[in-house]
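First up is the structure itself, then whatever we jot down about it.
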Amino acid sequence: MKKLFAIFFFAVMPLAAAVPPRGYAPRSLLVANAYSQEIQNDRADAYHLSRMQNRAMIWRFYRAGYLDAVPIRTSYYYLDGIAPPYRFLRPWTKLFLDRLSEEYFERFRQPLRVTSLIRSVGEQLRLARWDPNAAEATGPDRSAHLTGAALDISKRFMSWQGEEWMRRVLFHLRQEGFLYAIEEFEEPCFHVMVYPNYTSYVAELQARAAVAARTDHPARLDRPAPADRDERADASVRPRP
């Protein structure tokens, strides 16, 4: 029985282990600053991530295995307003979306609404014509969406509890160096650029799950423990601060 519990704990709840201790997550936690675009582009350059020049390049990268296709709908998330040529992500970012959305759904019984994935230079230029807040398509401050490593998760229809949980998760993973996250307010969403080393984080959790299964008890993580059943119930009814 202990072995079954260990397997479940590490296989199903690994993302929750990244959640900081319960507490109020202020809206200022993930606000962008003057260096946000530069930071994302520096990381993209450090990982040698190409920027997508056009749809043909996106398709070529997908055929070569450098991008994963993203289904328009799953049990845990759905795409809204994303044209078929842009329903792709880098494999590690797709992994992040799959894990984050499943954990979010388990907690709040609501699928995530995803409003942006990969973009080409042409698509970014088109977006900038009607959205003054859109990042540039070229230069040192160009959009991270061009790399295929970034996505936008809409806050529309999210409960305040869901928004706070998302802030805490993204802030912690940003502090750990697995991604860069910004909370946007003009177009309410969480913008997330996931780094390739996120796969190492997942591999570490899976390795610890294997150890726990062999030793008949869960291995301790150096990260905060997931919320227990009572804490989840409390979060669902706690009044707005």
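Every number here is computed from the coordinates shown, using simple stated rules; none is lab data. Because the structure is predicted, anything quoted here is derived from the model rather than measured. Here Cβ is always computed from backbone atoms with ideal geometry, including for glycine, and neighbour counts include all displayed protein chains.
Quick notes on this one:
- Taking all Cα-Cα distances within segment 94-144, those exceeding 17 Å account for 50%.
- Fewest-first ranking of GLU183, GLU38, using other Cβ atoms within 10 Å as the exposure measure: GLU38, GLU183
- Fewest-first sequence of TYR66, TYR86 by Cβ atoms within 10 Å of each Cβ: TYR66, TYR86
- Label-zone membership for segment 78-118, site GLU184, 7 angstrom Cα→C-beta point, backbone N under 15 Å: 80-83, 113-118
- At 0.692 mPa s and 37 °C, Stokes D of segment 94-178 from Kirkwood alpha-carbon radius, µm² per second: 228
- FRET efficiency, 1/(1 + (r/R0)^6) with R0 35 Å, evaluated for THR215 and ILE72 via beta carbons: 0.25
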